[in-house]
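Report on the structure given below.
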Amino acid sequence: MNNLEQTLSIIKPDAVERNLQEEIINEFKKNGFLIIKQKKIHVSKIEAEQFYKVHQTKPFYNDLCTYLSSGPIVVMILEKENAVLDNRNLMGATNPSEAKEGTLRKKYGISIDKNSVHGSDSVENAKIEIDFFFKD
Ligand code: CDP
Ligand code: MG
């Protein structure tokens with residue numbers, strides 16, 4: 001296989017709260033992703049701050065970390081060829097109102113902060129994010 005990659009996906013609190021995890025996981029499977037590992041967790045604010053450290057200077061950082069730690073999330077390792085970019089394309093634009101038809105954020109996202117899914121943005125960050133949640 002060429003370019004087999006893994007990426008980290010998170011089903012965020014707004015989607016878990018609406019019981020959308022099965023539906024979203026089916027979308028990943030339908031689009032050729034293998035779910036290598038999956039767990040439902042509830043992160044603390046401090047863990048959310050560590051995970052989103054790259055955004056620590058952004059004005060939305062505090063709200064983002066409060067939000068990610070506000071309820072259960074589902075974290076997954078997804079695998080397929082070109083998984084990182086393909087997942088970003090399947091997710092759609094950060095702001096659901098700008099996301100294309102058929103993308104997860106268009107279908108399920110409520111607002112820019114409650115946009116239902118996270119996906120790693122590079123192979124390098126995918127490794128860091130997978131380690132963050134699935135180290136052992
Ligand atoms: O998630 P994505 O990589 O598409 O976007 P990001 O720029 O890495 O931002 C991380 C997350 O911060 C987004 O998914 C949004 O939930 C949130 N965000 C926000 O609440 N307000 C913004 N103006 C930008 C991002
Ligand atoms: Mg990002």
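The values are calculated or read from the model by the stated rules, or taken from the named source; none is laboratory data. This is a predicted model, so every value here is computed, not measured. Please note: Cβ atoms are built from the backbone with ideal geometry, for glycine as well, and neighbour counts cover all protein chains shown.
Tabulated data
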quantity: Of all residues making up the range 76-97, the number that are more than 15 Å from ligand 2 (Cβ to nearest atom) and out of contact with any Lys or Arg (no Cβ under 6 Å at 6 or more places or on another chain); calculated: 9
quantity: Residues that are touching a residue at least 40 places away in the same chain (Cβ under 8 Å) and either more than 27 Å from Asn89 (Cβ to Cβ) or touching a strand residue (DSSP E or B) at 6+ places or on another chain (Cβ under 6 Å) (or both), drawn from the range 51-64; calculated: none
quantity: Which listed residue is touching a Gly at 6+ places or on another chain (Cβ under 7 Å) and more than 16 Å from ligand 1 (Cβ to nearest atom), from Lys100, Lys80, Lys29, Lys37; calculated: Lys80
quantity: Residue among Ile73, Ile77 that alone is touching a residue at least 60 places away in the same chain (Cβ under 8 Å), among the β-branched types (Val, Ile, Thr) and in contact with a Pro (Cβ under 9 Å, 6 or more places away or on another chain); calculated: Ile73
quantity: Residue, surrounded by the fewest Cβ atoms within 10 Å (Cβ to Cβ), within the range 114-136, restricted to residues that are away from ligand 2 (no atom under 13 Å from the Cβ) and in a loop (DSSP other than H, G, I, E, B); calculated: Asp136
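Table: residues versus (1) more than 20 Å from Tyr61 (Cβ to Cβ); (2) at pLDDT 95 or above.
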{"site": "Leu90", "(1), (2)": "yes, yes"}
{"site": "Leu104", "(1), (2)": "yes, yes"}
{"site": "Lys107", "(1), (2)": "yes, yes"}
{"site": "Ser111", "(1), (2)": "no, yes"}
{"site": "Ser120", "(1), (2)": "no, yes"}
{"site": "Ala126", "(1), (2)": "yes, yes"}
{"site": "Asp136", "(1), (2)": "yes, no"}
